[in-house]
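Written out below as structure tokens is the structure these notes cover.
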Amino acid sequence: MTTFTDSLLRLRGAFVSGKSQPVDFRINQLNALIQLLEENEVALLSVLYQDLHKCKFEAMIAEIDFVKNEAIYTLNNIRSWMEPEIVEKTYITRMDQCFIQKEPFGLVLIIAAWSHPIQLLLMPLIGAIAAGNCVVLKPSEVSVQTTALLSKLIPKYLDKECFAVFNGGPVETRKLLQFKFDYIFYTGNSIVGKLIMKAAAEHLTPVTLELGGKNPCYIDQSFHLESTAQRLAWGCFFNVGQCCVSPDYLLCSREVQDQLIPAIGQCLERFYGKDPRESPDYGRIGSDDHFKQLQQLLTSGRIVIGGESDSQDRYIAPTVLVDVQESDPVMQKEIFGPILPIINVNSMGEAIAFINKQQNPLAVYVFATNSKVVNEMLQKTSSGGFCSNDNLVQMILNTLPFGGIGYSGIGAYHGKFSFDTFSHKRACVLKSAGLEKLHSARYPPYTQQKLSWLLWATQVRKRDCSCCLL
Ligand code: NAD
């Protein structure tokens, strides 16, 4: 019987053999991943529905097609991304070939969360394959059915010597983390993120941490009522608010709040009908534990929309809370569910001060038709991503990096950023054995003349940068 350790050693052996590195191998594996998604679409939709009551629409745009597009984008660009990057030279290196070689790290561990169980497992996998790594995948034990299906399909489609799925919860993950990996990519909450980083530190393994946090959303008095209400009603309750980039709370004046609440209420009724529980488009909470935590948050402030819940069905209605104080339970940690508190502020300055008092979020949102307000929010806050007059959409473009800052994460991925994340940038200088005269200036005995020549030959010349000054 092969043990856990044997399997990991086999994967490492496959990397050492070089099997995962030729471009044709990488391309074949990416095509196989696309095939997996295409040939099993119905089954994947079914397990997503079983785990999260996820409707086809949301499953296609945020999971299956999302991942497929990333794989196609990667295939379209992989050869150019793999090219050595030629760098600028100084006089002394003029005769040399100086470039950055992108090489795989080796054996990579990808640990995923349950909220988008296909996307969060396979998106980083695409980058890891493209960069030529071998990979251990650890899907979330919470999304039971999706994890079971992916665990069956991945070895069927991908090369078994280079890619393997390991299942289990915290105990098994901790066991996995005792092994030395060459890179760890983790998606999940910040508390476990710290544990992952500690475990990685034991082996000095680099990490990417895709974490969460409380994403603020400021609604300025110049907001456009119809589009703001509609976009928020969609973004806050997409996947039942279980998106790391969902707006976590709104900041606005009482006047804005009074206009916005009835408008959001009308949008929700248009989207999900009078009883969202009956809507085929409204999902469910991912686990009983998470349901219980969310239910406790319903006591914060005053419910003005929704508030109904059913533990049997893990259902919580789209809910909006007002009269919320900073000290209320709902404001103490990321909500990650269909509960939207509103905190009243009297000005944009107050909103910015509030945001900057909290940990760096994954996203900052602002709804305003006044571009000065948008620019000021952009300049005076910091977050993984930023979006004005909309939400969630900053993460769908694979030409933008996706990741956090500070408490919301370390590193970024999607598109070329994924390839770069999983590639070590090796600094290379290829020299000829000749032209020794050129080098003689660096050898002792050192003289003032040699020093002057070397300083001239290695000098970085200053350019006029006045045009960069704002
Ligand atoms: P989860 O419970 O599925 O945990 C994530 C992974 O960590 C799982 O594979 C799990 O097995 C493992 N794990 C859990 N506890 C562990 C422990 N004690 N030791 C070692 N491993 C452990 O997911 P979650 O954390 O509930 O996910 C929700 C969080 O993830 C939210 O904070 C959300 O914002 C964040 N998230 C971030 C992103 C992003 O891309 N930045 C995307 C989705 C979710």
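Packing here is the average count of other Cβ atoms within 10 Å per residue, and on that basis the peptides 134-144, 72-82, highest first, run 134-144, 72-82. Each of the peptides 387-398, 163-174, 404-415 was scored by the mean count of other Cβ atoms within 10 Å over its residues; in descending order, highest first, they stand as 404-415, 387-398, 163-174.
If a spin label sat at a point 7 angstrom from the Cα of R270 along the line to its beta carbon, the backbone N atoms of segment 205-249 nearer than 18 Å would be those of 223-238. Using the Cβ-Cβ distance between K431 and D24 with R0 set to 51 Å, the FRET efficiency works out to roughly 0.95. Mean sequence separation of contacting Cα pairs (under 8 Å, at least six apart), scaled by the length of segment 29-103, corresponds to a relative contact order of 25 percent.
In plain terms, the residue of Y282, Y91 with the fewest other Cβ atoms within 10 Å comes first and the most crowded comes last, giving Y91, Y282. Restricted to Cα atoms, the chain shows a radius of gyration and a Dmax of 25.6, 88 angstrom.
In the chain, the DSSP-assigned H stretches of four residues or longer account for a calculated mean residue ellipticity at 222 nm of -12500 deg cm²/dmol, using -39500 (n - 2.57) per stretch and the full residue count as denominator. May I ask for the percentage of alpha-carbon pairs in segment 28-108 that lie more than 16 Å from each other? Distances greater than 16 Å cover 67 percent of the Cα pairs. Mind running the shape call on segment 244-294? Use the C-alpha gyration tensor, a ≥ b ≥ c as the square roots of the eigenvalues: rounded below 1.5 for a/c, prolate if a/b tops b/c, oblate otherwise. It comes out oblate by the Cα gyration axes. For segment 312-382, the relative contact order works out to 26 percent when only alpha carbon pairs closer than 8 Å and six or more residues apart are counted. Counting only residues at least eight positions apart within a chain, or on another chain, the aspartates and glutamates with an alpha carbon under 16 Å from that of K450 are E436.
Principal axis extents of the Cα atoms in segment 215-349, from largest to smallest and rounded to whole angstrom, are 42, 33, 24.
Packing-based ranking of 212-224, 367-379 yields 212-224, 367-379, ordered from highest to lowest mean Cβ neighbour count within 10 Å.
Pairing the Cα long axis of helix 144-157 with the longest principal axis of the chain, what angle in degrees results, from 0 to 90 and rounded to the nearest 10? With rounding to tens, the tilt is 30 degrees. Positive end of the dipole of the chain, charges at C-beta (+1 Lys, Arg; -1 Asp, Glu), about the Cα centre: which of V42, S246, C162 has its Cα farthest in that direction? Of V42, S246, C162, it is C162. For the cross-link pairs K102/K138; K54/K102; K198/K380; K68/K180; K54/K156, the ones whose C-alpha atoms lie over 28 Å apart are K54/K102; K198/K380; K68/K180.
Rule-based calculations on the coordinates, nothing more; no lab input. These figures come from a predicted structure and were not determined experimentally. Backbone-built Cβ (ideal geometry, glycine too); neighbour counts: all protein chains shown.
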